[in-house]
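Heads up: the structure comes next, in structure tokens.
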Amino acid sequence: MEKIKQENIRNFSIIAHIDHGKSTLADRLIEKTGMLTSREMQEQVLDNMELERERGITIKLKAVRLVYKAKDGNEYILNLIDTPGHVDFTYEVSRSLAACEGAILVVDSTQGIEAQTLANVYLALDEDLEIVPVINKIDLPSARPDEVKKEIEDIIGIDCENAPLISAKDGLNIEDVLEAIVKYVPAPKGDPKAPLKALIFDSYYDSYKGVVCYVRIFEGTLKPGMEIKIMSTGKTYEVQEVGINTSKHVSVDKLEAGDVGYVTASIKNVKDARVGDTITDKNNPTKEALPGYKKVVPMVYCGIYPAEGEDFNSVREALEKLQVNDASLVFEPETSAALGFGFRCGFLGLLHMEIVQERLEREFDLNIVTTAPSVIYRVTKTTGEVLEIQNPSNLPPATEIASMQEPIVTANIMTPSDYVGAIMELCQNKRGKFLNMEYLEEKRVVLHYEMPLNEVIYDFFDALKSKTRGYASLDYELKGYEESELVKLDILINGELVDAFSLIVHKDKAYERGRSIAERLKDVIPRHQFAIPIQAAIGSKIIARETIRALRKDVLAKCYGGDITRKKKLLEKQKEGKKRMRQIGSVEVPQEAFLTVLKYDENK
Amino acid sequence: MKEISIYIHIPFCIRKCYYCDFTSFSNLNEKIPLYMNSLKTELELYREKLLAYSIKTIFIGGGTPSAIEGRYIYDLLVHLYKNFNLSKDMEITIEVNPGTIDKEKAKIYKEAGINRVSIGVQTFNNRLLKSIGRIHEVEQIYESYKLLRKEKIENINMDLIFGLPNQTLEDVLFSIEEAIRLGVEHISHYSLILEEGTQFYNLNKKGKLNLPDEDEERLMYHKATEYLVEKGYSHYEISNYALPGFECRHNLVYWDLLPYLGIGLGSHSYMENKRFFNTSNILDYIEKLGSKLLPIEGEEIINKSTEIEEYCILGLRKIKGIDKNEFKKRFNVEIEDIYGDVINKHIKNGLIIDDGRSIMLTKKGLDLSNLVEVDFLK
């Protein structure tokens, strides 16, 4: 393939809120550039994990190389670098943005800009990216492109006069987007002869090639056979293959400054080629790594246990397989008195946690039980020793604790102004500290709060969505640790403490939380032959109690005219239900109980 | 010769009751002649298979078999007698509802060889009868009963129902008392089931049914049982009671997992290691048989392990339970070898007992039989 000059390369990302049409636009761009025929197009080429498609979000980022013949008669290479679209993946977003010179900002002309989008725009501005606004969904009757343009101008301060008005769904004005990319996104710079500096913006494990790193070359040249060094670890490897992504991997003889492509070098684990790291030439290393690398640390932890009859080892194998592609997932074995052998797993956030759980269940067909999510608490013991506690069961007795700290986040909530009251009430309920409120325009505001992360991971997001009919959006980042009066809340079922339900909560919330959990457990645990007391306790003090009444009747009075099938169906349904139970003492607890008790209660 | 039972479904009713989810119609009277003909055709289609058996019981159920003219029943039965092998001492039952039977019908039933009648009484309380959508009044129960006795029907069952909205324990016991006072040989005492799609189901969902609570409902069941047993009726199945020798042989066929052929709309059959059932769409049913095709909608092969499951689940419905020797005879394996754990678990729970000869539900087990039965599913 003939090498195209650096000045004809454009590296860009698409920034959009969930549902604002990023994937659809990506599809159209790929179609328009003629790299793929329409028949080859899988709907939404970039989101290729089943789960992503269903949730309409992009979890792992990818890059694709488009060839576009512009109206000026030149052929351009457009490298589209996809970014994940959720608050849990801010760091990964920032690294893929760092690989670009520009970003298309897609805004739904019926919705306007959202908090997460804005957060990502700020990330892009931090990386000095050129922002190309695009107004989408103009085919809808409720589209209000002029207002939305003005909103973007007011909020972000970028000129929207020439913003393409498109409908990605209908393929309307897609060419305008391509032209805008060529025109406004700067060409990459960098010297192909300088020492190698390549940014890893994504990596995944391939069972044939080892880890495949997606890279952006900033300086120098990357070739097969070359010895490379990963700068954060200092480990060296020999390059096996370099290439570019069209609809598939195509190997090339070299990647040069400005290029986006992939490299394989028999790297065994994604942990050794983390996102944000810099690859350089072992024999002619660059002096300085690219800025911005950090090792992402989990913020949310939970226990994952094999369900009744499921094998511990298959859960471990599945987690290992997931981890190969997900450097931010951590896990270690732990045991629970209630649930037996399992794993304590760490995640970037709640969404990440849910995604992992679902993948375990769907892709690995495992039955798992998940315990309540927890954050990391810092505990200073009376002896002066400081502990980091991710599992409430490991909290030392209250008498040995001098003080405790919990993680605090700054949260930005963007909302139509109608819901400000409801949100303030909610945040206050979640121990939020109001910082300030900004009007973005007449009817839209952003609220800034400081809030304990353990409140955010509880049911905050669901509550926010529910109270604002889905209109509010949330973005948060860790601010630091603050001292807090925390207690361990235990749940006893039939007199037995079930460690998997234990939670660390603020002391002012303990009573309410305990009562709410007891009530919910009462609803989700089926009635048994005997009455089952459910108690919430702090230490030895019972703070709430519910009783599940004994089941008095479970009998089918009649088998109609020999219709045994019907009776069996009924029993089989009952049997199916039992399979999803976890035996705790003599009580059968449904797996969902471990999570549903934490879900937002609409009626509260 | 092997024996078999026949179930015949008559889907017509004067009106649908609020708790009923059987296949039945109250507005399709013009289809009756065609339907009755279709039944004969269906029997014809089974002729070859049926000739390998002799028929030991026939049960004509509904719907309301007594809602149609008596001659249809007569014709159908005579057709059966003429064409198939019959066992000695056949039990031939028809379900009737008070208010749909008169002297002529009773007579023609008797002439047709019917020797057992099951009356859909439900309750001897007019207020309750009305509130559940029955068309008859208490007076007609007595009349129907008298008519049948006059025609020398010597085995009469009454279907009673308890756990109805606004029904009290006194109501329940009064109905039982009345049935006993009249001298019926058999009583089926069913707990109300709220089946999806019925009026009652929908009302209950809206919270508009004043049902007795579980404790009250179980009290009704056990008090009724005590009373019936005291009066000489043996409690032989979860919901059935009979004077000695009057247990319903047809229903025992179901519970003993013996073969039966169901003909008619939505009927179920079990024979030759298969369960199968007919369509519930009357037009389909008539059309299929019009072209001499079996109106079967689905079937399930019953392999040995399924047969064992079903044998236990159904066997436990009988008060005397599962006879261990018979189990061994039928399946060539000890029941403990398959279900030892389950049996022990529920003995511990107090839901079943093992008296050495049989495995049976305890009194508490009768209330919670599903909990036991579900564990017999593999």
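The values are calculated or read from the model by the stated rules, or taken from the named source; none is laboratory data. As the structure is a computational prediction, the values presented were derived from the model and not from experiment. Note that we place each Cβ from the backbone using ideal geometry, even for glycine, and neighbour counts take in every protein chain shown. For accessibility, only protein heavy atoms count, side chains too; no ligands or nucleic acids. Shrake-Rupley method; radii C 1.70, N 1.55, O 1.52, S 1.80 Å.
Yes or no, residue by residue, for (1) in contact with a helix residue (DSSP H, G or I) (Cβ under 6 Å, 6 or more places away or on another chain); (2) more than 14 Å from every other protein chain (Cβ to nearest Cβ); (3) more than 23 Å from B:Leu314 (Cα to Cα); (4) open to solvent by less than 60 Å² (accessible area, probe 1.4 Å):
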| residue | (1), (2), (3), (4) |
| --- | --- |
| B:Arg181 | no, yes, yes, no |
| B:His189 | yes, no, no, yes |
| B:Leu203 | no, yes, yes, yes |
| B:Asn210 | no, yes, yes, no |
| B:Glu216 | no, no, yes, no |
| B:Gly232 | no, yes, yes, yes |
| B:Gly245 | no, yes, no, no |
| B:Asp256 | no, no, no, yes |
| B:Tyr260 | yes, no, no, yes |
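Restricting segment A:583-604 to residues that are at pLDDT 80 or above and either open to solvent by 20 Å² or more (accessible area, probe 1.4 Å) or of a type in the set (D, E, K, R) (or both), which is nearest to B:His9 (Cα to Cα)?
Here the answer is A:Glu588.
Which of the residues that make up segment B:295-309 are in contact with a strand residue (DSSP E or B) (Cβ under 9 Å, 6 or more places away or on another chain), of a type outside the set (Val, Ile, Thr) and either exposed (fewer than 14 other Cβ atoms within 10 Å of the Cβ) or within 13 Å of another protein chain (Cβ to nearest Cβ) (or both)?
B:Glu297, B:Gly298, B:Glu299, B:Glu300
Does at least one position in segment B:64-79 carry a residue that is more than 21 Å from the chain's Cα centre (by Cα), hydrophobic (A, V, I, L, M, F, W, C) and closer than 25 Å to B:Gly290 by Cα?
For segment B:64-79, residues more than 21 Å from the chain's Cα centre (by Cα), hydrophobic (A, V, I, L, M, F, W, C) and closer than 25 Å to B:Gly290 by Cα: present.
How many residues does segment A:356-406 hold that are among the aliphatic types (A, V, I, L, M), assigned to a helix (DSSP H, G or I) and surrounded by 15 or more Cβ atoms within 10 Å (Cβ to Cβ)?
Total meeting the criteria: 2.
Residues that are outside the structural domain of B:Gly63 (by TED's automatic domain parsing), at least 1 per element: which strands (runs of 3 or more DSSP E) completely within segment B:223-335 meet that?
The qualifying strands (runs of 3 or more DSSP E) are B:260-263, B:268-271, B:274-278, B:296-301.
Does A:Gly112 fit the bill of being open to solvent by less than 20 Å² (accessible area, probe 1.4 Å), in contact (Cβ under 8 Å) with a residue 24 or more places away in the chain and at positive phi?
yes
Identify the residue in segment A:249-296 that is within 27 Å of A:Asp126 (Cβ to Cβ) and at pLDDT below 85 and, among all such residues, is most open to solvent (accessible area, probe 1.4 Å).
For segment A:249-296, the residue satisfying everything is A:Lys295.
Consider A:Ile156 carefully, then state whether it is modelled with pLDDT under 90 and in contact with a Phe, Trp or Tyr (Cβ under 9 Å, 6 or more places away or on another chain).
Answer is yes for this residue.
Where residues in segment B:344-378 are more than 10 Å from chain A (Cβ to nearest Cβ) and assigned to a strand (DSSP E or B), which of them is farthest from B:Glu214 (Cα to Cα)?
B:Ser358
What number of residues in segment B:151-161 are open to solvent by 10 Å² or more (accessible area, probe 1.4 Å) and out of contact with any helix residue (DSSP H, G or I) (no Cβ under 7 Å at 6 or more places or on another chain)?
Restricting attention to segment B:151-161, the residues satisfying the condition of being open to solvent by 10 Å² or more (accessible area, probe 1.4 Å) are B:151-152, B:154-155, B:159, B:161.
Pick out the ones that are also out of contact with any helix residue (DSSP H, G or I) (no Cβ under 7 Å at 6 or more places or on another chain) and you get B:154-155, B:159, B:161.
Total meeting the criteria: 4.
Any idea how many residues of segment A:419-429 are open to solvent by 20 Å² or more (accessible area, probe 1.4 Å) and not hydroxyl-bearing (Ser, Thr, Tyr)? Outline the logic, then answer.
Initial filter on segment A:419-429 (open to solvent by 20 Å² or more (accessible area, probe 1.4 Å)): A:419, A:421-422, A:424-425, A:428-429.
Checking which are not hydroxyl-bearing (Ser, Thr, Tyr) leaves us with A:421-422, A:424-425, A:428-429.
Adding up the residues that qualify gives 6.
Could you list, in sequence order, all residues of segment B:18-55 that are buried (at least 21 other Cβ atoms within 10 Å of the Cβ), small (Gly, Ala, Ser) and away from chain A (no Cβ under 14 Å)?
Within segment B:18-55, B:Ser38 is the sole residue that qualifies.
List every residue pair whose Cβ atoms lie under 8 Å apart, where the two residues are 6 or more positions apart in sequence or sit on different chains, the first residue falls within segment A:264-283 and is touching a residue at least 60 places away in the same chain (Cβ under 8 Å), and the second residue, located anywhere, is in a loop (DSSP other than H, G, I, E, B) and of a type in the set (Lys, Arg).
A:Asp272/A:Lys235; A:Arg274/A:Lys295; A:Gly276/A:Lys294
Could you count how many residues in segment A:314-338 are hydrophobic (A, V, I, L, M, F, W, C) and assigned to a strand (DSSP E or B)?
2
Got a sec? Which of A:Phe341, A:Phe331 is open to solvent by 30 Å² or more (accessible area, probe 1.4 Å), in contact with a Cys (Cβ under 9 Å, 6 or more places away or on another chain) and aromatic (Phe, Trp, Tyr)?
The match here is A:Phe331.
What number of residues within segment A:430-467 satisfy the criterion of being among the β-branched types (Val, Ile, Thr) and either over 19 Å from the mean Cα position of the chain (by Cα) or assigned to a strand (DSSP E or B) (or both)?
The qualifying residues number 2.
Filter segment B:84-130 down to the residues that are modelled with pLDDT of 95 or more, under 22 Å from the mean Cα position of the chain (by Cα) and open to solvent by 40 Å² or more (accessible area, probe 1.4 Å) and list them by number.
B:Leu86, B:Lys110, B:Asn115
Would you point out the residue of segment A:344-355, among those that are open to solvent by 10 Å² or more (accessible area, probe 1.4 Å) and of a type in the set (A, V, I, L, M), that is modelled with the highest pLDDT?
This residue is A:Leu348.
Got at least one residue in segment B:3-17 being touching a residue at least 12 places away in the same chain (Cβ under 8 Å), in a strand (DSSP E or B) and open to solvent by 70 Å² or more (accessible area, probe 1.4 Å)?
Yes, segment B:3-17 contains a residue that is touching a residue at least 12 places away in the same chain (Cβ under 8 Å), in a strand (DSSP E or B) and open to solvent by 70 Å² or more (accessible area, probe 1.4 Å).
Which strands (runs of 3 or more DSSP E) does segment A:476-582 wholly contain that include 1 or more residues that are within 14 Å of another protein chain (Cβ to nearest Cβ)?
Output list reads A:541-548.
Testing B:Leu194 on (1) within 12 Å of chain A (Cβ to nearest Cβ); (2) closer than 30 Å to B:Leu51 by Cα; (3) surrounded by fewer than 20 Cβ atoms within 10 Å (Cβ to Cβ), one condition comes back false. Which one is that?
(2)
Filter segment B:287-303 for residues that are more than 14 Å from B:Arg275 (Cα to Cα) and of a type in the set (Gly, Ala, Ser); which is nearest to the chain's Cα centre (by Cα)?
B:Gly290
Which one is farthest from the other protein chains (Cβ to nearest Cβ) among residues in segment B:279-294 that are crowded, with 19+ Cβ neighbours inside 10 Å and touching a residue at least 40 places away in the same chain (Cβ under 8 Å)?
Looking at residues that are crowded, with 19+ Cβ neighbours inside 10 Å and touching a residue at least 40 places away in the same chain (Cβ under 8 Å), I get B:Leu289.
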